[in-house]
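Student: Structure in structure tokens, see below.
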Amino acid sequence: MSLFANNNSTTPATGSQLSRRGFHRLFGAAAAATSVSLALAACGSGAPATNADGQAELRFSWWGSDARVKVTTAAITAFETENADIKVKPEYGDWSGYWDKLATQTAGNDTPDIIQMDEKYIAEYSSRGALLDLSKYGVDTTDLVADVLKAGQNDAGLTGIPAGINAATIIANPKVFEAAGVPLPDDQSWTWEDYKRIAAEVTEKSEPGITGSTAYSADQASLNVWLRQNGKEFYSPEGKLGFAPADMESWLAFLIELGEAKAIPPASTVIEEQSSSLDQSATATGKAAMSFWWSTQLPALENAAGTELVILNYPSKTGSSADAKLWYKASQFWSASARTKNPEAVGKFINFLANSTAAGEALLADRGVPVSTVVRAAVADKMTPADARVIEFIDGIKDKLGPVPPAVPKGAGAMEDIIKRYASEVMFTRQSPSDAAEKAVAEMNAAMDS
């Protein structure tokens, strides 16, 4: 069986080139040889690789926008200035082809030395020995936020150093609220019923085509928040699903309630919105007062919208923001190939990215709020106003976070496509919330067991 399955992921990530459907399109099916390669990945790296100048040569692969290329290149330059004996060669592209390419490279024993890795796939690569245990190569974790650091730890060791901190949020467009004559909600005390009522009121008082909210039908984060507020987790500590069909059914049922209240657009519009780029999203174009995003997407959204937007905490069941049960998520990871011929140099470079003020000044908040508390403090006055508000939000929820979620297991890459498909079936009334939840959970379990 191939290591990877065909599906479309919609988990949001930072970067304006990614689509609104969470900004992710999953990698396609890799060749069966991939799994063989991954199983052999830790079998030794041979002699160190150097170039004609005698420098250790590292290939560094990432996905992202032109802006990310610029700041990452600046970080590389800063590192090479301090480490003349190491040369870092950048390899970058957009999300749409990143995972296909990485799977092919891994199958051909040509994996880059340093890899920008995603939460959904780190377990797939780690479990097959394809990623280096960075704890053995000088990466200092002393000043890194411990709850976020846990996301990169697994049975294979510390295979990912978080590149930034993210949190699930609702982002509001004050201009849409103002045009409708509806005040912005108090996100410290609102419930889900308040959310429905406020969004419906905005729709009613706005021009045709403008709604109070987008649908959360393609957003795994919103389901995760819903589950956590109901005492469940998306995944269990044992690497299985942490919820039952009835738990997802209630989330789907409330989606129907939002539609019936006209708090969200019709199903056909929702599906169209899912394929929109960030700069054409309902948030950026002023067609929705509220939408579900990750915190680090605020700057790109503001730039596209041409107006200041507001980060809101999720509603809760109780009306207390302390019960929203948010968590700190690793935006991406710095990982390394287990086959690298220069593990010591790799460790030095990743340690620089995570802990150096020079790297922090170059990267700023492109990949999220800096995970190092020392770096965050050092570069705070260099952040843009939008980035500063993201940091303020991240710091502001610190004492209200729910428990640290269990690590994301193998098979996680299939989840959002399953969620999106069955939520669409419900919105188009082709399946009931109960039937859709039952089938979705069965399919999720199958994906994790494959």
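The values are calculated or read from the model by the stated rules, or taken from the named source; none is laboratory data. These figures come from a predicted structure and were not determined experimentally. A quick note on method: Cβ atoms are made from the backbone with ideal geometry, for glycine too, and the neighbour counts reach across all protein chains shown. Ligands, DNA and RNA are stripped out before the accessible areas are found, and what is left, the full protein with its side chains, is counted by its heavy atoms. Shrake-Rupley method; radii C 1.70, N 1.55, O 1.52, S 1.80 Å.
Student: With respect to the numbered conditions (1) open to solvent by 20 Å² or more (accessible area, probe 1.4 Å); (2) assigned to a helix (DSSP H, G or I); (3) small (Gly, Ala, Ser), which one is the sole condition not fulfilled by residue 231?
Tutor: So residue 231 meets the others, but not (2).
Student: Can you pull out the residues in the range 126-176 that are polar (S, T, N, Q), part of a loop (DSSP other than H, G, I, E, B) and in contact with a Leu (Cβ under 9 Å, 6 or more places away or on another chain)? Walk me through it before giving the result.
Tutor: Filtering the range 126-176 for residues polar (S, T, N, Q) gives 126-127, 135, 141-142, 153-154, 159, 166, 169, 173.
Now narrow it down to the ones that are part of a loop (DSSP other than H, G, I, E, B): 127, 141-142, 159, 173.
Within the range 126-176, 127, 141, 159, 173 meet the criteria.
Student: Another question about this same structure. Checking the structure you have, find out if any residue of the range 122-129 is closer than 30 Å to residue 405 by Cβ and open to solvent by 40 Å² or more (accessible area, probe 1.4 Å).
Tutor: yes
Student: Provide a single number: the residues in the range 381-422 that are open to solvent by less than 40 Å² (accessible area, probe 1.4 Å) and part of a loop (DSSP other than H, G, I, E, B).
Tutor: Summing the residues that are open to solvent by less than 40 Å² (accessible area, probe 1.4 Å) and part of a loop (DSSP other than H, G, I, E, B) in the range 381-422 gives 8.
Results for (1) closer than 20 Å to residue 328 by Cβ; (2) modelled with pLDDT under 95; (3) touching a Lys or Arg at 6+ places or on another chain (Cβ under 8 Å), shown as yes or no for each residue.
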site	(1), (2), (3)
141	yes, no, no
146	yes, yes, no
160	yes, no, no
165	yes, no, yes
169	yes, no, no
174	no, no, no
178	no, no, no
195	no, no, no
206	no, no, no
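Student: Quick one: how many residues across the range 359-380 are in a helix (DSSP H, G or I), surrounded by 20 or more Cβ atoms within 10 Å (Cβ to Cβ) and of a type in the set (A, V, I, L, M)? Can you show your working first?
Tutor: Applying the first criterion (in a helix (DSSP H, G or I)) to the range 359-380 yields 359-363, 373-380.
This time we only want the ones that are surrounded by 20 or more Cβ atoms within 10 Å (Cβ to Cβ), so: 359-360, 362-363, 375-376, 379.
So of that shortlist, the ones also of a type in the set (A, V, I, L, M) come out as 359, 362-363, 375, 379.
Matching residues across the range 359-380 total 5.
Student: Another question about this same structure. Can you tell which of 118, 147, 143, 187 is charged (D, E, K, R) and surrounded by 24 or more Cβ atoms within 10 Å (Cβ to Cβ)?
Tutor: Selected residue: 118, the only one of 118, 147, 143, 187 that is charged (D, E, K, R) and surrounded by 24 or more Cβ atoms within 10 Å (Cβ to Cβ).
Student: Which of the residues that make up the range 299-320 are in a loop (DSSP other than H, G, I, E, B) and open to solvent by 20 Å² or more (accessible area, probe 1.4 Å)?
Tutor: Residues of the range 299-320 that are in a loop (DSSP other than H, G, I, E, B), as a first pass: 306-309, 313-315, 317-320.
306, 307, 308, 317, 318, 320 - these are the residues of the range 299-320 that are in a loop (DSSP other than H, G, I, E, B) and open to solvent by 20 Å² or more (accessible area, probe 1.4 Å).
Student: What pairs can you find where one residue is in the range 250-278 and closer than 19 Å to residue 200 by Cβ, the other is basic (Lys, Arg) and assigned to a helix (DSSP H, G or I), and their Cβ atoms are less than 7 Å apart, with a gap of 6+ or different chains?
Tutor: Going by the 7 Å Cβ cut-off, the qualifying pairs are 257/196; 258/196; 261/196; 263/196.
Student: Now, a different point. Across the range 414-450, what is the number of residues that are farther than 27 Å from residue 265 by Cβ and in contact with a Phe, Trp or Tyr (Cβ under 6 Å, 6 or more places away or on another chain)?
Tutor: Qualifying residue count, the range 414-450: 0.
Student: State whether one or more residues within the range 321-342 are over 16 Å from residue 167 (Cβ atoms), modelled with pLDDT of 95 or more and out of contact with any strand residue (DSSP E or B) (no Cβ under 9 Å at 6 or more places or on another chain).
Tutor: Yes.
Student: When you scan the range 248-261, do you find a residue that is in contact with a helix residue (DSSP H, G or I) (Cβ under 6 Å, 6 or more places away or on another chain), surrounded by fewer than 18 Cβ atoms within 10 Å (Cβ to Cβ) and not in a helix (DSSP H, G or I), even just one?
Tutor: Yes, that holds for at least one residue.
Student: Out of curiosity, is residue 77 part of a loop (DSSP other than H, G, I, E, B) and surrounded by fewer than 21 Cβ atoms within 10 Å (Cβ to Cβ)? Outline the logic, then answer.
Tutor: On the way: part of a loop (DSSP other than H, G, I, E, B): no; surrounded by fewer than 21 Cβ atoms within 10 Å (Cβ to Cβ): yes.
It is false that residue 77 is part of a loop (DSSP other than H, G, I, E, B) and surrounded by fewer than 21 Cβ atoms within 10 Å (Cβ to Cβ).
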